[in-house]
Amino acid sequence: MKAVTVTTIKKELQHLEKEQLVELALRVTKYKIENKELMTYLLFEEHDEDHFIETIKAEMDDQFEDINTTSYHFIKKSIRKILRGVKKHVRYSKKLETEAALTIHFCRKLKQMDPSYRYNTVLTNMYDRQLGLAEKIINKMHEDLQYDYQLEIEDFS
């Protein structure tokens, strides 16, 4: 079966009753954990973005504390997993402020990590790429926000 376009789905959804829409939404959330997480964000967390950001930062802090630091192989795997989670939450939000805050926090935690990321090329490249991404995101924002986030980056750089 080939999936139809989003436009076609949107047109079809406009013809459905409220009960049918609720039933479809519930069916979609049953099959994948990401769908359930997105629905949770949209229903319960979208209205309070600051709380959402703080929750994700706290999760990130816990994940950084749980990293197995016996070898850089395990560190790289753990860092990639944390970054995948950050990117997933950024996709849910679609807000520049959220993306900048979470990316900056990720870079800060990576920089504070012991053993240092600087002794591993992959981790150094990952840090540099994320820091560059954060700066690119900040440049798209309003000037007042740009200043605030630039100060935050300069704090740990």
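The values are calculated or read from the model by the stated rules, or taken from the named source; none is laboratory data. No experiment lies behind these values; they were computed from the predicted model shown. Note that we place each Cβ from the backbone using ideal geometry, even for glycine, and neighbour counts take in every protein chain shown.
Structure values in brief
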item: Residue check for residue 79: modelled with pLDDT of 95 or more and of a type in the set (Val, Ile, Thr); result: yes
item: Residues within the stretch 63-86 that are surrounded by 11 or more Cβ atoms within 10 Å (Cβ to Cβ) and assigned to a helix (DSSP H, G or I), tallied; result: 16
item: Entirely in the stretch 1-62, the helices (runs of 4 or more DSSP H) that have 3 or more residues that are exposed (fewer than 12 other Cβ atoms within 10 Å of the Cβ) and among the charged types (D, E, K, R); result: 6-13, 18-31
item: Criterion (surrounded by 14 or more Cβ atoms within 10 Å (Cβ to Cβ), in contact with an Asp or Glu (Cβ under 6 Å, 6 or more places away or on another chain) and in a helix (DSSP H, G or I)) met by exactly one of 104, 153, 138; result: 104
item: Residue tally, condition in a helix (DSSP H, G or I) and surrounded by fewer than 14 Cβ atoms within 10 Å (Cβ to Cβ), over the stretch 107-135; result: 8
item: Condition check for residue 144: surrounded by fewer than 11 Cβ atoms within 10 Å (Cβ to Cβ), under 20 Å from residue 54 (Cβ atoms) and acidic (Asp, Glu); result: no
item: Residue check, residue 79 within 28 Å of residue 36 (Cα to Cα), in contact (Cβ under 8 Å) with a residue 40 or more places away in the chain and touching a Ser or Thr at 6+ places or on another chain (Cβ under 6 Å); result: no
item: Checklist (1) within 30 Å of residue 10 (Cα to Cα); (2) more than 14 Å from the chain's Cα centre (by Cα); (3) not β-branched (Val, Ile, Thr) applied to residue 37, failing item; result: (2)
item: The stretch 128-144, residues that are of a type in the set (A, V, I, L, M) and more than 10 Å from residue 100 (Cα to Cα); result: none
